[in-house]
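The values are calculated or read from the model by the stated rules, or taken from the named source; none is laboratory data. Everything numeric here is computed off the predicted structure, so don't read it as measured data. Virtual Cβ from ideal backbone geometry, glycine too; neighbours counted across all protein chains shown. Remember, those area values only see protein heavy atoms, side chains included, never the ligands or the DNA or RNA. Shrake-Rupley method; radii C 1.70, N 1.55, O 1.52, S 1.80 Å.
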Amino acid sequence: MAATGKARTEGPDRPSPHDLLAALRAPGDPPWDVYLTGTVFLDIVFTGLDSAPVRGTESWARGMGSSPGGVANMATALARLGLRTSLAAAFGDDHYGEYCWDTLERGEGIDLSPSRTVPGWHSPVTVSMAYEGERTMVSHGHEPPPEEPAPDCPPRARAAVASLTPGRGAPWIAQAARKGARIFGDVGWDDSGKWDLARLTDLRHCEAFLPNAAEAMRYTGTDCPRAAAHALTAHVPVVVVTLGAEGAYAVDRRTGETASVPAIEVEAMDPTGAGDVFVAGFVTGSLAGWPLADRLAFAGLTAALSVQEFGGSLSAPGWSEIGAWWHRVQCAEGQDPSALRRYEFLAGLVPEPGRRWPLRRAVPTIGFRRSA
């Protein structure tokens, strides 16, 4: 299958409305803050279900939305936090692929110059049903294009987010690291059951590694997430272990910093994409040069805000949502002063109440005609 692309000039089309890195930018810097690659899905989300679907019955959902999913969840979360984001992905040449491309490029301002439209390839689709804070998903997709979506020479970026695969390296990760990109790696469940760190060959290129507690303990053979985090620093400078409802714990071997931040209690509607938003928040704080505890708190906050809405990329918060939360909690009765102090670093960063971003969010469904 031949691949086609849509030409773009190097560099962002427009400045971010809330650029944390503005004071750090200098001539000759990489044009992009973050680069990533992966598979884009079309996500169709049904929400407002009273319970899980029952075999042999029909369930009606009170809400429904569509948005780009898969790696697009992470790309959207990064872009909404003001980072100049570049994505390499294969897109189908069907209506779903066109919708996802348009939403990411025009709606979110994400650079798709490394991406390709593949003739004859159907876009992967995931249908997600959200209920009682949980989700059930059904996915469909054809065999992916034989060409690697990541280009042989990834664009220059300050950082890259990489999903590490046990037993298989990705050449682009080493290439990006040689160009000076700071690599932030996450990992999925090891279906082989080996849990051997030596099989994560690209971990040596990473500045930070962000597993969950179960993954961290299995890879290190420990029975405590914090002990696992410290053990992993023998392999990577910064380790962040997510602890679910208990928050997250992080260690920076280079500075000696450790940080533990509890989770923010929220009413969860849909956890889709929350892990991607957490990583995006941590990457944002890292590129801005924040202390470890602030980075960890910010990542947890963005993830908590995301689960209060449905969908993956649809729910990724921007600075307007973060600002609204910060101003609201300061006025709420009975707030723990020590908890408020944990987020005081936001005071000089968030927009004033009522300030709106000039961003067009991913539209909640597809199929409407455009007005002339």
> Say we join alpha carbon atoms closer than 10 Å with springs in a Gaussian network model of the chain; which of 230, 95, 122 then has the biggest fluctuation?
Replying inline: 95
> Which percentage, to the nearest 5, of the DSSP beta bridges contained in the chain is antiparallel?
Replying inline: 45
>> Between the range 16-67 and the range 279-357, what is the separation of their alpha carbon centroids in Å?
In response: 17
>> Taking loop as defined by DSSP and a crowding limit of 14 other beta carbons within 10 Å, which trypsin sites (Lys or Arg not before Pro) in the range 59-154 fit?
In response: 62
> Once the principal axes of the Cα atoms of the range 108-216 are found, what is the range along each, listed largest first in whole angstroms?
Replying inline: 42, 39, 28
> Where does the charge balance sit around residue 336 when Lys and Arg score +1, Asp and Glu -1, over other residues with C-beta under 14 Å from its C-beta?
Replying inline: -1
> Given q = 0.18 Å⁻¹, what are the Debye log10 I(q)/I(0) values for the range 190-271, with equal point scatterers placed on the Cα positions and solvent ignored?
Replying inline: -0.75
> HN-Hα J couplings of the range 180-191 from phi, Karplus 6.51/-1.76/1.60, θ = phi - 60°, integer Hz, Gly and Pro as x?
Replying inline: x, 6, 7, 9, 10, x, 10, 8, x, 5, 7, 5
> In what sequence, largest accessible area first, do 322, 44 appear using a 1.4 Å probe?
Replying inline: 44, 322
>> Explain nothing, just compute: Karplus ³J(HN,Hα) = 6.51 cos²θ - 1.76 cosθ + 1.60, θ = phi - 60°, for every residue of the range 115-123 in order, whole Hz, x for Gly and Pro.
In response: 8, 9, 9, 9, x, x, 9, 8, 5
>> If you take every residue apart from residue 203 with its C-beta less than 15 Å away from the C-beta of residue 203, what net charge results, scoring Lys and Arg +1 and Asp and Glu -1?
In response: +1
>> When a/c reaches 1.5 or more, the comparison of a/b and b/c decides; with that in mind, is the range 60-147 rounded, prolate or oblate per its Cα gyration tensor?
In response: oblate
> So, in nm, how far is label residue 26 from label residue 258 when the simple model puts each one 7 Å beyond its Cα toward the Cβ?
Replying inline: 3.5
>> Sorting check: for 232-240, 172-180, which peptide has the highest mean count of neighbouring beta carbons within 10 Å, and how do the rest follow?
In response: 232-240, 172-180
> Let a ≥ b ≥ c be the square roots of the eigenvalues of the Cα gyration tensor of the chain; is it rounded (a/c under 1.5), or, if not, prolate (a/b larger than b/c) or oblate?
Replying inline: rounded
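Grab the Cα-Cα distance for residue 127 and residue 198, subtract it from 0.36 nm times how many residues apart they are, and report the gain in nm with one decimal.
Details: separation 71, 0.36 × 71 = 25.56 nm, distance 3.52 nm.
Extending this stretch completely gives an extra 22.0 nm.
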> Between 315, 113, 67, which gets the highest mean-square fluctuation from a Gaussian network model of the chain, Cα cutoff 10 Å?
Replying inline: 113
> Shape of the range 19-105 from its Cα gyration tensor (a ≥ b ≥ c, root eigenvalues): rounded if a/c is under 1.5, otherwise prolate when a/b > b/c, or oblate?
Replying inline: prolate
>> For the range 98-142 and the range 217-235, what is the centre-to-centre distance using only Cα atoms, to the nearest Å?
In response: 34
>> Let me check I've understood the local charge: for residue 189, count other residues with C-beta under 11 angstrom from its C-beta, Lys and Arg +1, Asp and Glu -1. What total comes out?
In response: -2
>> Report, to one decimal in Å, the Kirkwood hydrodynamic radius for the range 209-339 based on all distinct Cα pairs.
In response: 15.3
> Restricting the count to DSSP beta bridges whose residues both fall in the range 31-178, what percent are antiparallel, rounded to a multiple of 5?
Replying inline: 50
> Considering only protein heavy atoms and a 1.4 Å probe, what is the carbon-and-sulfur percentage of the accessible area of the chain?
Replying inline: 52
>> Cut-off 10 angstrom, C-alpha nodes, Gaussian network model of the chain. Which of 153, 331, 100 fluctuates the most?
In response: 331
